[in-house]
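Each reported figure results from applying straightforward, stated rules to the coordinates on display, with no laboratory input. Keep in mind the model is a prediction, meaning the values are calculated, not measured. So basically every Cβ, Gly included, is an ideal-geometry build from the backbone, and we count neighbours across all protein chains shown.
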Amino acid sequence: MRTGIMFTLSRMTGMNMQRHRHQEFIRFLNRLERDIPAGKVVHVILDNVSSHKTPEVRRWLARHPRWTFHFTPTSSSWLNAVEGFFARLTRRRLKHGVFHSVCDLQAAINRFLAEHNDGEAKPFAWRADPDAIIAARSRGFQTLESIH
């Protein structure tokens, strides 16, 4: 079972699905499109999973001009906020849980999302300086070139 999670300014949206193909991803996007107020510009940060890049997803994106996809570099792990959220979900709700069915597991995840949204949700503020990131990347490339 895969769970899609979206960070908004302060709320989380989740959907439980058995698979993670482009069909499920589009279903998740349609739900978000329905839930996000009209007129809002939507930027989505995605990993490089193939289901995010299929022709069907690209057609969906072309039909929804307010949406922009940004893909993380392959094998990167810079989405600490997302990783932290899943770590809290695992630690607080799933690790020692007993689930007698998939429905029980999904209910536990949905309760965790609701509790998070009601009590812990706060805007995520990106504090990294883009110029510093680009400079570090350039230094890394220079180091690699000097080695080879």
Point to revise | Under 5 Å, built H, 5+ apart or other chain: amide partners of Val42 | key: Trp67, Thr68
Review point. Tally Lys and Arg at +1 and Asp and Glu at -1 over the other residues with C-beta under 11 Å from the C-beta of Trp67: what net charge comes out?
Key: +2
Check your understanding: Check Met15: other-chain or 5+ apart residues with amide H under 5 Å from its amide H, H built from backbone geometry?
Key -> Gly4
Point to revise | Least to most buried among Ile109, Ile45 (fewest other Cβ within 10 Å first) | key: Ile45, Ile109
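So how do Thr90, Thr143, Thr13 line up by other beta-carbon neighbours within 10 Å, fewest first?
Thr143, Thr90, Thr13
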**Study point:** Table column - 3J(HN,Hα) (Hz), segment 55-62, Karplus curve with 6.51, -1.76, 1.60, x for Gly and Pro
**Key:** x, 5, 5, 5, 5, 4, 4, 5
Practice item. Would you mind ranking Phe28, Phe86 by Cβ crowding within 10 Å, fewest neighbours first? Key: Phe86, Phe28
Exercise for review: Distance from a point 7 Å along Cα→Cβ of Leu94 to each backbone N in segment 44-72: keep the residues under 20 Å and list them by number.
Suggested key: 45-52
**Study point:** Calculated FRET value between Glu83 and Arg111, using beta carbons and R₀ = 22 Å, to 0.05
**Key:** 0.55
